[in-house]
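Working notes, structure below.
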Amino acid sequence: MKHSMKSIPLAKPEINQDDIDAVTQVLQSSHLSRGPKVDQFEQAFSQAVDSSYACAVSSGTAGLIIALQALGVKAGDEVITPSFTVPATVNSIVAIGAIPVMVDIESETYGIDPNVLLQAITSKTKAIIIVHVFGKSAKAKIIIDIAKQHQLKVIEDACEAVGNRYENQALGTLADIGVFAFYPNKQITTGEGGMLVTDNPDLLHKFQLLRNHGRSMNGDLYDQVGFGWNFRLSDINAALGLSQLARIEKIKAQRQKIEKQYQNYLDQNNEITCPKFSSCENGSAWFVYVVKIKEYNRDEVFNAMNQSGIQCGRYFAPVHLQPFYRQKYPNLNLNNTEKIAAQCLALPFFADLKAENIEYICDKLHKYTK
Ligand SMILES: Cc1ncc(COP(=O)(O)O)c(C=O)c1O
């Protein structure tokens, strides 16, 4: 008998009946946008991460653009960012005419290397974007200290880090502004969506103007008091986010269990380095499960896994090596970024990934790394 090939996706949202009911309820109301669900989602989110204020937006990218503008970053200013991230982090800087200064990462957290940061700061530097890669905390405290010494603003790109903490403080709440994202591959989803958090009421006010055409929340609907976009989140999306957020601890526990299962299978394989979840404080909220494979066979393994029906990712592809940025920065070499990126392989990772599928994935990985 011929066995049908397995088909295991890299990521999958976890949607239950509560989510469906929550969205249906909004659809049956007359408030599809600018209704009560956005406020409720913001309140619940700020409570969950213990931040004073939250402002829901249409995507993580929208959140990053708003964050930069709210901090006063202008055309021609330099913003320091890693290249080991998604294009959105760097694109958000370009979107407002500022100049991305991409720096190398360190090997422990895959975040900005604090040792190279100092050399990248110039008189034009205005801000730093810290990325918590794969949901794991970057060396944020050290970077924030350096930023303070140079009067620089700091944004945490916590788009992959919802639900994770550093020394008992939620990632995204360590710096001036934190930005989260809720695309369906994330720990919790709103379909598309994002969230800005801050403890500064002036920044909150700026977020609200920037997200809604520069119109004040308190004034007349048609009074435009500043510049702004339409970066609003709809109530449909917010209702889904609210319902998902209510069970984030359960989702985290499921992801943690999957990590441990992976680790048990993969630890015996010398060709593979597992991510160290023990260094993720208060348990895992990892966004993806990325192992390191020796450079010489990563692409072969990637292709073989995909051909076996196991969707894997070459995650991240460094931004400075993408054709669009390569032509702008032809001589930029970020050695550690390039070395680590060439070894990374993202394995399927989502809350209801079945144990038998994890075993199947690991068996294939053992086979292809021999
Ligand atoms: C690190 C990081 N930054 C920014 C974003 C952008 O978020 P969005 O896709 O919601 O615009 C993502 C999403 O994948 C991300 O992983």
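Some notes on this structure:
- Of the residues examined, Leu64 is not one that is touching a helix residue (DSSP H, G or I) at 6+ places or on another chain (Cβ under 8 Å), away from the ligand (no atom under 12 Å from the Cβ) and at pLDDT 95 or above.
- First in region 178-207 and not assigned by TED's automatic domain parsing to the domain that holds Gly60, second anywhere and in a loop (DSSP other than H, G, I, E, B) and surrounded by fewer than 21 Cβ atoms within 10 Å (Cβ to Cβ), Cβ under 7 Å, 6 or more apart: none
- Residue in region 83-92 that is within 15 Å of the ligand (Cβ to nearest atom), open to solvent by 30 Å² or more (accessible area, probe 1.4 Å), β-branched (Val, Ile, Thr) and part of a loop (DSSP other than H, G, I, E, B) present: yes
- From the list Ala44, Ala88, Ala62, Ala48, the lone residue that is in contact with a Cys (Cβ under 8 Å, 6 or more places away or on another chain) and in the same structural domain as Gly135 (by TED's automatic domain parsing) is Ala88.
- So Ala70, is it more than 16 Å from the chain's Cα centre (by Cα) and surrounded by 24 or more Cβ atoms within 10 Å (Cβ to Cβ): yes
- Long-range neighbours under 6 Å by Cβ, at least six apart or interchain, first residue under 11 Å from Glu42 (Cα atoms) within region 229-242, second of a type in the set (Ser, Thr, Tyr): Leu233/Ser58; Gly241/Thr190
- All positions within region 264-304 that are assigned to a loop (DSSP other than H, G, I, E, B), open to solvent by less than 50 Å² (accessible area, probe 1.4 Å) and modelled with pLDDT of 85 or more: Asn269, Glu271, Cys274, Phe287, Val288
- Among strands (runs of 3 or more DSSP E) entirely within region 136-209, having at least 2 residues that are away from the ligand (no atom under 13 Å from the Cβ) singles out 153-157, 194-198.
- In summary, Ile128 fulfils each of the numbered conditions (1) of a type in the set (Val, Ile, Thr); (2) over 29 Å from Val38 (Cβ atoms); (3) within 12 Å of the ligand (Cβ to nearest atom) with the single exception of condition (3).
- Applying the condition of being in contact (Cβ under 8 Å) with a residue 40 or more places away in the chain and either near the ligand (Cβ under 10 Å from one of its atoms) or in a loop (DSSP other than H, G, I, E, B) (or both) to region 93-107 and asking which residue is surrounded by the most Cβ atoms within 10 Å (Cβ to Cβ) yields Asp104.
- Inside region 8-33, residues that are free of Cβ contacts under 8 Å to residues at least 12 places away in the same chain, part of a helix (DSSP H, G or I) and farther than 30 Å from Lys354 by Cβ make up a count of 1.
- Lys37 among the basic types (Lys, Arg) and open to solvent by 80 Å² or more (accessible area, probe 1.4 Å): no
- Answer residue from region 108-125, given it is in contact with a strand residue (DSSP E or B) (Cβ under 7 Å, 6 or more places away or on another chain) and either of a type in the set (D, E, K, R) or within 13 Å of the ligand (Cβ to nearest atom) (or both) and is most open to solvent (accessible area, probe 1.4 Å) among those: Lys124
- Residue within region 53-61 that is closer than 15 Å to Leu242 by Cα and over 20 Å from the mean Cα position of the chain (by Cα) present: no
- Yes/no for Leu203 being over 20 Å from Leu27 (Cα atoms) and under 22 Å from the mean Cα position of the chain (by Cα): yes
The values are calculated or read from the model by the stated rules, or taken from the named source; none is laboratory data. Not measured: the values here are computed from a predicted model. When we count neighbours, we look across all protein chains shown, and the Cβ atoms used for this are built from the backbone with ideal geometry, even at glycine. With ligands, DNA and RNA removed, areas are computed over all heavy atoms of the protein, side chains included. Shrake-Rupley method; radii C 1.70, N 1.55, O 1.52, S 1.80 Å.
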